[in-house]
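The values are calculated or read from the model by the stated rules, or taken from the named source; none is laboratory data. Every value quoted in this text rests on a predicted model; they were computed, and no experiment measured them. Cβ atoms come from the backbone with ideal geometry, glycine included; neighbour counts cover every protein chain shown. Keep in mind that these areas ignore ligands, DNA and RNA; they rest on the heavy atoms of the full protein, side chains included. Shrake-Rupley method; radii C 1.70, N 1.55, O 1.52, S 1.80 Å.
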Amino acid sequence: MARWGMVIDLDRCTGCQACVVTCKAENNVPVVTPREAQAGRLMLWMTVIPEVEGEFPRVRARFTPRPCMQCDHPPCVKVCPVQAMTKSPEGTVSHVFARCIGCRFCVQACPYGVTYFNWQAPTWPKDLRESLNPDFAIRPTGVVEMCDFCHHRLQHAREEARAEERDVRGEGEYVPACVQACPARALIFGDLDDPNTAASNLAHSPRAFRMLEDLGTSPKVYYLKEG
Amino acid sequence: MQTTHPQAFDRDDVLFAPVLRTGRGFYAAVAVLLAVAAWGAYAYTTQLRYGLGVTGLNRPVAWGFYIVNFVFFIGISHAGTLISAILRLCNAEWRRPITRAAETITVLVLFFGLGSIIIDLGRPDRLFYVLQYGRLQSPLLWDVTSITTYLTASTLYLYMPLIPDLALLRDRARGWRRQLYTAISLGWRGTPEQHRRLERGIAVMAVLVIPIAVSVHTVVSWVFSMTLQPMWKSTIFGPYFVTGAIFSGMAALIIAMAAVRRAYHLENYLKPVHFNSLALLLLTMSLLWFYFTFAEHLTAYYGGELAEGAVLFAKVTGPYAPEFWAMVVLNLVIPLAIMANRRTRTVAGIVTASASVLVGMWLERYLIVVPTLANPRLPYARGLYFPTWVEWSITAGAFALFILLYMVFTKLFPIISIWEVREGRELGIQEAYERIESYLPGPGVGAGGPIALR
Amino acid sequence: MKLTRRGFLGWTGAVAAAAAGAQTVRAIGDLQAATYEAELPPRGIEGWVASVCQQCPGGCGILVRTITGVEDGVKRAVKIEGNPHHPISRGSICPKGLAGLQALYDPDRLRGPLKRTGGRGQGQWQPVSWDEAIATVVQHLQGLRARGEAHTLLLMAGQVRGLMQSLLLRFLDAYGSPNYLSTASGCEAAQQTLLLTQGIAAPIASDLENSAYILSFGAGLLEAGWSPVRQARAYGHLRQGTPGRRGRLVQVEPRLSVTAAKADEWIPVRPGTDGALALAMAHVIVSEGLFDREFVEAWTFGFEDWRDPAGTTHLGFRSLVLNDYRPEAVSAVTGVPIQTIVRVAREFAATRPAVALAERGAGFYTNGLYNRLAIHALNALVGSIEIPGGTVIQRRPPLTPLPPVTRDAAAVRGLAAPRIDGAGTSNSPLASSALPWLPEALRTGSPYRPNALFLCYANPAYSVPEFVRSPDLLDRIPLIVSFSPFPDETSRHADLILPDHTYLERWQDDPIEATWGPAVLGLRQPAIPPRHQTRHTGDVLIQIAQGLGGAVAAAFPWKDFGEVLKGSLRDVAGTQRGLIMTTPFEEARQRRQADAGFWLPTYKTFDEFWSQVAERGGWWDPAYSFGDRERAFRTASGKFEFFSQTLRQRLETLARRGPASGGGLEGVLRALDIRARGDRVFLPHHEAPRFVGDEKEFPLHLIMSKPMSLASTRTANHAWLAEIPDVRTSRPWEIAVEINPETAHKLGVKDGDEVWLESPAGRLRLRARLYQGIAPEVVHVPFGSGHGAGGRFAEAWGANPNRLVGGEADRLAGTPALFATRVRITKA
């Protein structure tokens, strides 16, 4: 069984945030008002973390795309009191928002801050509702939501593979929206257990590391450092 | 009026008085508290309609006042059952007039603990999914389990010693009250056999309730310390929370005692000596609390880990410094100054210290929940938390409703255990005398005589 | 009933409880409704349409995912992805492209033609029919022609190219007006660089993928370059595309932009001194003999001192840089340490291929064109012209030319009139359009008063500083017609708005320019049918022309734009080159065939060609012949000219034509504010930049940038982009002024404070953000937000720094000097 994972090459990443916007479009992630956003209620399942360090003129800035880390030992799943956070047999962590009671324990448990809470019912201007993706339901108020490696895309790929009586290929057939959009090809996706995929090879690169690796969460998102 | 205990009538009349007679002051207080509670309810309906967006909660501070209240209320609950059980087991004779007041706090405040969690939920309509789809690994489920157990045990533990008093009331009351007391006094007639069984039951419950109480606040602490968040992931949290709980619970108890003493003229029952004993305990807890707090913060500082340091300095010198230092003053400096000094350790002084502790402990809970959330491990998402009128209103409403329920309780049941006070008079003095004698050098004891514990 | 106190309290409590209870019940009901209703967007049948993005001038290929609803039969566009066949985007897309859905479904879009009812700028409109609207325009234009004032029609266009631009120019040509005004001034300057050095008026493109060393002077490579998608891909390739090789990127600019942050080295330079820095590097390269001797000897003109036929000795580039641009001296001017200049120059010369880029950062000063020339001279020094990894000139697709226009007398008379902005005269001798001088012309009525203005993807009331401050200057034009699909600032001043479709609803060709070498022709086609009563501007133009009758109508014999489009593609189909866009694998196969001398098209007839183009998204010709120097050097010398004979010829022509301000060349130079004299005028050199505002009173320099999320002037109304305006600060819906902490400390400004940013031209209230990545004497405000019109989101956030920009310009190039304004900051 495939173990889907992502490799993010920080040397390629240009901080363009195409991944951020495509994620919003793909998953019908609501836009909140400017006031709400500035109060810290912005919803970006995929986001790019900027870090600026140093003093003029010796300044460095780094940009780190941050999807859900899809941990092999996900802290969010353990703490969910209603089994709304689940880990699939393939290791993908996803959230059943129809069951979520909105306790936000997962929000506290996640050291990466990838879970988002619907502080109010999402609203769109009438015209913009037209562009919502029919593959993904709109969340109601009061539940948590988060990146699940575009699980609906896996379902599509799986249906097609099933028609041909085979498994989904470890590379190319199923990619999350962010991976597809990335202009710098900084996001690489595939089966981490398949030694023939670019993702699994890059995950073993000497440049590879994982975010807050020492916490023992075993993320399936690998980063390749610059240089 | 028929009574089975005519001889006691005159002496403890003042204990029955609150139940049987109600003055204007009471109604005025009820009206005020009801208004505040109603306002809180209105705030909650607003929250239900528009979602949690009406609060000041945000990213990353997704838990705020409600969770602080939850921890605080559960902490207060340790006032009663735990203190009362320990004192009972230790045969502390001065416990007799205060156990009821304490146990009542426990039972009532637990509802507010649970209620705070429900208020905090984004989808309270799905509350029962916790039972339907519960995940045993989740500390939140441990909480649900241990708090309901605690609630059940505490209710029993409150109820059992209440039975003889209910019988007393049954014999004095009329109308619907008489029917009520008859029903719930379970045919208590005060026979020796009934007494023996009751005493045994109480003793068993007293033993049982202590580990449950300890477990409850330990589990509450685990909601935090099971995560990987800086300054939450701490092994000290279990005992630290239990200590804090007893500390705040005692302060609440002292205030409640002082309030009923004043309102119902119970100076003869709740004497300075009772306050003094509790004050000494409170003082001990204050020092113990400080010990834990110091240990907790020193390790975070000394290790110098960045994520922990961010939280620590946010508390000590950063945006939460006013709250932090207020907490230290309220929880340590003021209680110590008042209660370590015999001259200021008066009833008024002790109540002042208790009020200070109560506020201080609320701040402590706030400082545990909020700064860690505001300074998560990945520094890009730092934020601040400013509660809105909704949280303030709901918090005020919860406190008001709690006080109201406590007041109503005193109107339905004697807030001082009448039969236990009498028992103290009738048996306790003799028993204590014998016990003390058994401590002393004398015949028949040196060779390992019977231990005079019930 | 007797009301006792107890009773009263009881009743009060009961009423309160009942009220609270009722509200709770209602609240729970609402909650349930919000939960269970309308959770899934309408399902339907999926389709994909290949098209071309138009959120910026990049011309990336896109695939639009459409869902045709099962229940309502409505076709909706639900996602935009990159077109994997399109050579520019190769399946990727940028945030702006993704947000195209929010242009299509913009809740504030114009839904049909509008006629102004209130005063200008008041935004009061009344819907009119298309026929009536077009008749109104035709009537007015006929009047002008009848009065012999055809030349007083102005057409202002922004991001327009390909056939649409041809039609606009053709309309003016047939109608009789010389006044095509372009708001795309940055592109204009880039074209002039190549014109002066290589004799071709085309933008400089570069083969970034294959470069090993990119020395960028202020280019927004990773923010706002031509096709951000292709540039990001090239950047990724530069870094990690070839195992064992990691190309370098050095960014020169006063601010740590995204590009600078991603660069190996960021060199903060004093504003307006990029050219000096480039010349100091040239000094190092020349003095140390690191330049490409072969190329310089064979293919450049004016490197060594030279003698003209008259026997006069002229200054060569070598002597110029050796004498004037010693690193020691330049270091003092630019603020860049000597060691850095020397080291970077050596690296640049030692690494092949290396390319130097000059873009907006270096070009938006009063000395912009000379800066660009100096920087491009570096490319010539190391021979990085028309080589893989160097600069290239993009080929154009071989579109069938439109038939020539037969002008009638009115047109001939109109075209004989001077341009209203004086482009090509001593105002701006090199420019084909010089927008900075239009406000003056409007104010003074000289050389004449314009009588009509067409706005085509142009929003000067937002993008041209002078018009931002006084949009009512436009009100002096009796008829303003806007073709904008959105209610932008300038359209507010229009008399008629004839809204175009959005790009996702219309047919259009998109030939790529300025991105890289090969010719690429994308086809834009409707992803969904037009949602509103909008009309293709091409169609409207044809209808207006036909309404005008006579020779104008004769120049527009087509039914609609689609016919023009199809007709123009015939030559592409017949050219026997190139291929329909396809997968890289298929392309490689076809290219191998081509190398072997075969051209095996996938189509036989034009109709097949057309349907394949429509299916795949376009046509392109992957072959690019590097080293074709005859094509690349069209100068008098047939070489790259350090000493620009083109410039010399243009200026001398001007000097001969008449005294603009005094006599001869001296007069021309004075009019252009060029301080150099003699041969230096025609060589790349450092002109000391001029700034608006006194240094004492306004101690800071204002610079601007276009962040990735804010293209042109239209994306501010896309909420998705407003949430992520700048990756460096990651603050939603916020445009702030960036200040160096040291400067801020001196001013007593703390992070997040509200401040006034003031220039001699105006002031702006903004939030201050302290940023270590900006030089202490510089402040920065991103450009693209802060709209006064254009939709609910656009009007809700940001600030427009153009409000502060003073009237300086690069007079030689005819472009506004947008970075030439000094400002001061005071706490608000």
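Could you work out, residue by residue across B:379-390, how many beta carbons of other chains sit within 10 Å of that residue's beta carbon, and then give the average as an integer? Each step should come with its number before you reach the end.
Details: counts 2, 9, 7, 1, 2, 2, 1, 1, 0, 0, 0, 0.
Mean partner shielding for this stretch: 2.
Calculate the all-directions average of the projected area of chain C's alpha-carbon convex hull, and give it in nm².
Working: hull surface 178.3 nm².
Averaged projected hull area, Cα only: 44.6 nm².
So for B:T148, B:T410, what's the accessible-area order with a 1.4 Å probe, most first? Walk me through the numbers on the way to the answer.
Values: B:T148 60, B:T410 5 Å².
Ranked from most to least accessible, the order is B:T148, B:T410.
Residues in segment B:306-316 carry Karplus couplings, in order, of 4, 5, 5, x, 4, 5, 4, 6, 4, 7, 7 Hz; the curve used is 6.51 cos²θ - 1.76 cosθ + 1.60 with θ = phi - 60°, and Gly or Pro positions show x.
Residues in segment A:5-13 carry Karplus couplings, in order, of x, 10, 10, 10, 8, 5, 6, 7, 4 Hz; the curve used is 6.51 cos²θ - 1.76 cosθ + 1.60 with θ = phi - 60°, and Gly or Pro positions show x.
The spacing between segment C:770-796 and segment B:381-448, judged by their C-alpha centroids, is 62 Å. B:L186 to B:L440: FRET efficiency via 1/(1 + (r/R0)^6), r the Cβ-Cβ distance, R0 45 Å, to the nearest 0.05? It comes to 0.60.
Any chance you could list the semi-axes, whole Å, largest first, of the equivalent ellipsoid that the Cα gyration tensor gives for segment C:204-392, using √(5λ)?
Values: eigenvalues 143, 71, 45 Å².
So the three semi-axes of segment C:204-392 are 27, 19, 15 Å.
Among C:S182, C:G784, C:L435, which residue has its Cα positioned farthest towards the positive end of the charge dipole of chain C, with +1 placed on the Cβ of Lys and Arg, -1 on the Cβ of Asp and Glu, and the dipole taken about the Cα centre? Of the candidates, C:G784 comes out farthest on the positive side.
Taking amide H as placed 1.01 Å from N in the peptide plane, the amide H of C:V755 sits under 5 Å from that of C:L766, C:R767, C:A768, C:A828, each at least 5 places away or on another chain.
Largest first, the extents of the alpha carbon coordinates of the protein assembly as shown on the three principal axes equal 139, 71, 70 Å. Shielding value for C:154-162 is 0, the average number of Cβ atoms from other chains within 10 Å of each residue's Cβ.
Shape analysis of segment C:317-391 based on the Cα gyration tensor places the equivalent ellipsoid semi-axes at 20, 17, 12 Å, largest first. Looking at segment C:646-720, the GluC sites (Glu not before Pro) that sit in a DSSP loop and have at most 16 other Cβ atoms within 10 Å of their own Cβ are C:E695, C:E697. As a rough guide to protection, the peptides A:44-54, B:28-38 ranked by mean Cβ packing within 10 Å, highest first, stand as A:44-54, B:28-38.
Taking a 1.4 Å probe, which of B:Y66, B:Y380 shows the most accessible area, and what order do the others take after it?
Working: B:Y66 5, B:Y380 70 Å².
Ranking B:Y66, B:Y380 by accessible area, largest first, yields B:Y380, B:Y66.
Per-residue extension of 0.36 nm, minus the Cα-Cα distance of C:R765 and C:R670, leaves a gain of 30.5 nm for this segment.
In segment B:3-83, the alpha-carbon atoms span a convex hull of 165 Å³ per residue.
Ellipsoid fit via the Cα gyration tensor, chain B: semi-axes of 40, 27, 21 Å, each the root of five times an eigenvalue, largest first.
Could you tell me what fraction of 2.2 N^0.38 Å the Cα radius of gyration of segment C:568-621 comes to, as a two-decimal ratio? All intermediate terms of the calculation are to be shown ahead of the outcome.
Values: Rg = 10.6 Å, N = 54, 2.2 N^0.38 = 10.0 Å.
Here the answer is 1.06, to two decimals.
Just so you know, the Cα atoms of segment A:118-199 work out to an Rg and Dmax of 16.1, 48 Å. For chain C, the longest principal axis of the C-alpha atoms and the axis of helix C:5-36 are separated by about 50°.
With a cut-off of at most 13 other beta carbons within 10 Å, and DSSP calling the residue loop, which trypsin sites (Lys or Arg not before Pro) in segment B:242-345 qualify? Please list them.
On the way: sites: B:R261, B:R262, B:K315, B:R342, B:R343, B:R345; in loops: B:R342, B:R343, B:R345.
Counting only loop positions with at most 13 other Cβ atoms within 10 Å, the trypsin sites (Lys or Arg not before Pro) in segment B:242-345 are B:R342, B:R343.
Under Stokes-Einstein, with the Kirkwood radius over Cα pairs as Rh, the value for segment A:51-113 at 25 °C and 0.890 mPa s is 179 µm²/s. Annotation: segment C:509-557 has a Kirkwood hydrodynamic radius of 13.6 angstrom, from the mean reciprocal C-alpha pair distance. Among C:T391, C:A416, C:T534, which residue has its Cα positioned farthest towards the positive end of the charge dipole of chain C, with +1 placed on the Cβ of Lys and Arg, -1 on the Cβ of Asp and Glu, and the dipole taken about the Cα centre? Sorting the options by dipole projection puts first C:T534.
Scale the Cα Rg of segment B:260-407 by the rule-of-thumb value 2.2 N^0.38 Å and send over the ratio, two decimals.
1.27
Taking every alpha-carbon pair within segment B:335-426, the share separated by more than 18 Å comes to 72 percent.
Using only Cα atoms, what is the ratio of the radius of gyration of segment C:691-827 to 2.2 N^0.38 Å? List each step's numbers first, then the result.
Details: Rg = 14.6 Å, N = 137, 2.2 N^0.38 = 14.3 Å.
The reported ratio for this selection is 1.02.
Across peptide B:52-59, the average count of Cβ atoms from other chains found within 10 Å of a residue's Cβ is 6.
For the peptides C:260-270, A:151-161, B:240-250, C:337-347, the ranking by mean Cβ contacts within 10 Å, running from highest to lowest, is B:240-250, C:260-270, C:337-347, A:151-161.
Protection proxy ranking of B:281-292, C:118-129, C:376-387, C:556-567, by the mean of other Cβ atoms within 10 Å over each peptide's residues and highest first, is C:376-387, B:281-292, C:556-567, C:118-129. For C:H314, the residues 5 or more places off, or on other chains, whose built amide H falls under 5 Å of its own are C:W306, C:R307, C:D308.
Using all C-alpha to C-alpha distances in segment A:4-224, build P(r) with 10 Å bins and read off the rounded percent in each one. Bins of 10 Å from zero give 8, 31, 37, 19, 4, 0 percent of pairs. Within the assembled protein chains, the solvent-accessible surface assigned to A:L42 is about 30 Å², based on a 1.4 Å probe.
Please report the net charge: other residues with Cβ closer than 9 Å to the Cβ of C:P622, K and R +1, D and E -1.
-1
Computed over chain C, relative contact order equals 18 percent, with contacts defined as Cα pairs under 8 Å that lie 6+ residues apart. Heavy-atom accessible area for B:S356, with the other protein chains in place and a 1.4 Å probe, reaches approximately 10 Å².
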